[in-house]
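The structure appears right after this line, and notes come after that.
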Amino acid sequence: MDFYIRLENLIEERNLTQKQLSLDLHIASSTLNGYVNNNREPDFATLVRFAKYFSVSTDYLLGISNEKKPAPSSLSPAEGALIHLYRSLPAERQELLVEQARFYQCLEQKQGRVKRKE
């Protein structure tokens, strides 16, 4: 589904007028009308404002996902950073990183610091 259709649906779901939405987001009425009529597309900052206003993800607005809100992550910031780093590496470096993690895990187990999950 295209951005303009999703935007129109969100406006209808909230029972908003385009005028009210343009006032709330400080967007010219003609600009908002261009978004709704698929005559123009918002810049990144405006897209984020729409997402925050409607409490949906930008992926949803862009039609990348049908889920309005992404599933909450149970990862800590450090875990998320580690995954990001892992994904940014070429495959052979990813394998080396996994091997290093296994080495440290084995070392911790030998020192009795890690309890096994069974």
Among the aspartates and glutamates, which have Cα under 18 Å from the Cα of Lys52 when same-chain residues fewer than 8 positions away are ignored? Glu8, Glu12, Glu13, Asp24, Glu41, Asp43, Glu67
Once both axes come from the Cα atoms, what is the angle between helix 3-13 and the longest principal axis of the chain, in degrees from 0 to 90, rounded to 10? 70 degrees
Given (i) 22.3, 67; (ii) 17.3, 60; (iii) 14.1, 46 as candidate values of Rg and Dmax of the Cα atoms in Å, which corresponds to the one derived from the coordinates? (i)
Crossing angle, helix 44-54 versus the chain [Cα axis fit, 0-90 degrees, rounded to tens]: 90 degrees
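Bear in mind these aren't lab numbers, they're just calculated from the coordinates by the rules spelled out. What you see is a predicted model, and the numbers here were worked out from it, not measured in a lab.
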